[in-house]
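Report on the structure given below.
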Amino acid sequence: MMAGTGIHKAHPEWCLRSVPGPQDTFLLNFGLPEVQQHFFDIVKGYMELPGFRVYRQDFNMDPLPYWRHNDPPDRQGITEMKYIEGLYTYWDRIATTWPDSLMEECASGGHRIDLETVMRMQVHQKTDHWFDDEADQTAIFGLSQFLPNNVFVAHLNNLDTYSFHSTMASSLCLGWIADAKEFDGRRGKQLIDRYKQVRHLLVGAWYPLLACPNDYVDLNTRDADLWPWSDASNHRQPYTDWVVTQYQRPDLGEGMVLAFRRPDSPYSSIQVSLRGIEPAATYEVSSDNRSPGDAKTMPGSTLSGGFEIALPEKRSSDLIVYRKVNQTSASE
């Protein structure tokens with residue numbers, strides 16, 4: 001809330017301060033029932049109009065100094081607790097009043113992805129750190145443990161296969177400058193068509209076939225203004241790990257595997273055991289690294305017992321799609 005605006009003038013008691021003296025920005029205190037009611041009434045005014053059923057909330061400031069400033073040293077956390085409880089109460093009231101509504105939240109790009117929030121709201125924007133393939137792989141790996149892959153977004157701005165595979169396990173957002181003279185529209189259409197062919201698999205069961213990749217930006221050594229807009233390359237660990245994840249649709253008898261050999265990995269191949277595979281069944285297996293007509297048939301026991309994925313080049317990837325074609329009888 002900016003100083004001098006209508007709410008600040010009419011209800012200064014609603015506005016949390018972060019410093020004792022004059023300031024330009026305040027935080028409205030959602031711990032107060034009257035603040036919750038005020039904003040509920042605003043939402044109600046729109047929801048009662050024809051066609052309004054989407055509520056989106058963004059948040060782009062650091063609330064911690066405001067919460068801390070309003071608690072004495074022996075009561076730190078009380079204002080924060082009441083604020084968050086009030087925010088949940090406000091969201092729950094919207095959901096209860098309009099059960100057919102769609103609610104989506106953002107907070108400076110992924111700063112409010114917690115279990116209580118994702119129970120109530122769609123979280124499409126995982127982070128404002130865009131167009132970083134390895135960061136997308138790691139973020140999608142983490143979010144996939146809790147959310148279906150069709151409810152968060154990764155942004156694609158390149159046309160290479162590695163970048164496409166790094167972002168496709170999401171509700172894909174295209175960041176191309178499609179009217180640029182050098183843009184390859186035919187290649188763009190190929191990638192979109194490929195995404196459409198496999199996106200139904202993303203809502204199935206998700207399995208990590210390897211451990212969580214061991215890479216991160218070192219938040220203890222970064223410059224204050226480093227993230228997310230400046231280069232973090234000097235503050236990361238080497239990308240030596242592979243990332244391999246599986247998306248399984250048992251109801252359809254098919255699924256897919258995304259495999260990444262990252263830029264610093266010395267390993268040209270790896271063995272994984274696919275989940276949810278019927279060992280006695282036969283599967284047709286295709287790969288983005290082979291021609292469309294070069295699918296192979298494999299017994300399920302091979303896929304589940306030690307399936308080898310080879311990527312000779314560093315910073316390379318593969319999308320492997322499998323489909324059950326028949327069930328072998330026990331007598332055979």
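The values are calculated or read from the model by the stated rules, or taken from the named source; none is laboratory data. Not measured: the values here are computed from a predicted model. Cβ sites come from the backbone with ideal geometry, for glycine too, and all protein chains shown count toward neighbours.
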> How many residues are within 31 Å of the chain's Cα centre (by Cα) and either small (Gly, Ala, Ser) or crowded, with 16+ Cβ neighbours inside 10 Å (or both) if we restrict to the stretch 6-38?
Replying inline: 8
> If only one of Glu48, Glu34 is touching a His at 6+ places or on another chain (Cβ under 9 Å), within 24 Å of Trp98 (Cα to Cα) and modelled with pLDDT of 95 or more, which one is it?
Replying inline: Glu34
>> Anything in the stretch 88-116 that is acidic (Asp, Glu) and either more than 25 Å from Pro50 (Cα to Cα) or surrounded by fewer than 14 Cβ atoms within 10 Å (Cβ to Cβ) (or both)? List them, or say none.
In response: Asp92, Asp100, Asp114, Glu116
> Looking only at residues in the stretch 67-83 that are out of contact with any Asp or Glu (no Cβ under 9 Å at 6 or more places or on another chain) and under 26 Å from Val118 (Cβ atoms), which one is surrounded by the fewest Cβ atoms within 10 Å (Cβ to Cβ)?
Replying inline: Met81
>> Residues that are within 19 Å of Lys196 (Cα to Cα), part of a strand (DSSP E or B) and in contact with a strand residue (DSSP E or B) (Cβ under 7 Å, 6 or more places away or on another chain): does the stretch 305-317 have at least one?
In response: yes
>> When the residues of the stretch 246-285 are narrowed to those that are in a loop (DSSP other than H, G, I, E, B) and of a type in the set (A, V, I, L, M), which ends up nearest to Ile309 (Cα to Cα)?
In response: Leu274
> Is it the case that some residue within the stretch 290-309 is among the β-branched types (Val, Ile, Thr), surrounded by 15 or more Cβ atoms within 10 Å (Cβ to Cβ) and in contact with a Phe, Trp or Tyr (Cβ under 6 Å, 6 or more places away or on another chain)?
Replying inline: no
> Does any residue of the stretch 279-293 turn out to be among the basic types (Lys, Arg) and either touching a Lys or Arg at 6+ places or on another chain (Cβ under 7 Å) or more than 19 Å from Met168 (Cβ to Cβ) (or both)?
Replying inline: no
> Applying the selection to the stretch 64-113, what residues are assigned to a loop (DSSP other than H, G, I, E, B) and in contact (Cβ under 8 Å) with a residue 40 or more places away in the chain?
Replying inline: Asn70, Trp98, Asp100, Ser101, Cys106, Ala107, Ser108, Gly109, His111, Arg112
>> Against the definition (polar (S, T, N, Q), at pLDDT 90 or above and either over 18 Å from Gln246 (Cα atoms) or under 20 Å from the mean Cα position of the chain (by Cα) (or both)), how does Ser171 come out, yes or no?
In response: no
>> Given (1) at pLDDT below 95; (2) in contact with a helix residue (DSSP H, G or I) (Cβ under 8 Å, 6 or more places away or on another chain); (3) surrounded by fewer than 22 Cβ atoms within 10 Å (Cβ to Cβ), identify the lone condition not met by Phe141.
In response: (2)
> Which residues, counting only those in the stretch 114-128, are assigned to a loop (DSSP other than H, G, I, E, B), at pLDDT below 90 and in contact with a strand residue (DSSP E or B) (Cβ under 9 Å, 6 or more places away or on another chain)?
Replying inline: Met121, Val123, His124, Lys126
> Of the residues in the stretch 213-229, how many are touching a strand residue (DSSP E or B) at 6+ places or on another chain (Cβ under 9 Å) and at pLDDT 60 or above?
Replying inline: 2
